[in-house]
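The next block holds one structure in the form of structure tokens; read it before the comments.
The values are calculated or read from the model by the stated rules, or taken from the named source; none is laboratory data. In this text the structure is predicted, and so the values were computed from the model without any measurement. Positions of Cβ are generated from backbone atoms using ideal geometry, with glycine treated the same way; all protein chains shown enter the neighbour counts.
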Amino acid sequence: MPKGPFIFDSHALLKFFQKEKGYERVVHLLEEIKKTGAIKYINALNLGEIIYSTKKEFGDQKKLEVLANIERLSFTILPIPNNLIFQAAEYKAQYGISYADCFLLASAIEHKATIVTGDPEFKKVEHLVDIVWI
């Protein structure tokens, strides 16, 4: 397992919170990260994805539970400064992955973080960053 820091995609965290197939891998990874004390990031835009997806599918109560869990798990929420917007736009133009995924990619590169995801879109950019596939 890479040393970290780690940045979690909304795909990985939604799988974890909704206990979808394969969520145990996320649980195991979170346990391993806790043992090592590595930093866990989530980009503010990806957090927004988690919030709206959870609210849309499960309502406000579940949304609040998810937000509480992100805080309890000690995620560092990364802001979206202008330089990140410009870098994400460059990745969008170059690789054609979703714009939200471009923000995650830009944050991962800026913070030298390993991406945690199961989203196959990241196969297009795995030469740029380390990825833990879940």
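General observations
- For segment 93-130, taking the residues that are hydroxyl-bearing (S, T, Y), in contact with a Lys or Arg (Cβ under 9 Å, 6 or more places away or on another chain) and assigned to a helix (DSSP H, G or I), the one that is farthest from G22 (Cα to Cα) is identified as Y95.
- Cβ-Cβ under 7 Å pairs, at least 6 apart or on other chains, segment 34-46 side of a type in the set (A, V, I, L, M, F, W, C), far side outside any strand (DSSP E or B) and surrounded by fewer than 13 Cβ atoms within 10 Å (Cβ to Cβ): A38/K3; A44/P79
- Across segment 1-15, the qualifying residues are those that are hydrophobic (A, V, I, L, M, F, W, C) and surrounded by 24 or more Cβ atoms within 10 Å (Cβ to Cβ), and the one among them that is nearest to A106 (Cα to Cα) is I7.
- Filter pass, E20 being under 17 Å from P120 (Cα atoms) and free of Cβ contacts under 8 Å to residues at least 24 places away in the same chain: yes
- In the set (1) of a type in the set (D, E, K, R); (2) touching a residue at least 12 places away in the same chain (Cβ under 8 Å); (3) within 25 Å of V129 (Cα to Cα), E31 fails one condition alone, (2).
- Tallying residues that are part of a helix (DSSP H, G or I) and either surrounded by 14 or more Cβ atoms within 10 Å (Cβ to Cβ) or at positive phi (or both) within segment 50-61 yields 6.
- Every residue from segment 89-102 that is of a type in the set (A, V, I, L, M, F, W, C) and either surrounded by fewer than 22 Cβ atoms within 10 Å (Cβ to Cβ) or closer than 16 Å to L13 by Cα (or both): A89, A93, I97, A100
- Selection from segment 13-49 of residues that are of a type in the set (S, T, N, Q), part of a helix (DSSP H, G or I) and farther than 20 Å from P81 by Cβ: T36
- In segment 105-133, the residues that are in contact (Cβ under 8 Å) with a residue 60 or more places away in the chain and surrounded by fewer than 20 Cβ atoms within 10 Å (Cβ to Cβ) never reach a residue that is of a type in the set (S, T, Y) and assigned to a helix (DSSP H, G or I) with C-beta atoms less than 6 angstrom apart, at least six apart or across chains.
- You will find that of I39, I33, I7, the residue that is under 14 Å from the mean Cα position of the chain (by Cα) and either farther than 27 Å from E57 by Cα or at pLDDT below 95 (or both) is I39 and no other.
- Residue in segment 63-83 that is of a type in the set (G, A, S) and in a helix (DSSP H, G or I) present: yes
- Among the conditions (1) among the small types (G, A, S); (2) closer than 13 Å to I7 by Cβ; (3) without any contact (Cβ under 8 Å) to a residue 40 or more places away in the chain, the only one that G96 does not satisfy is (2).
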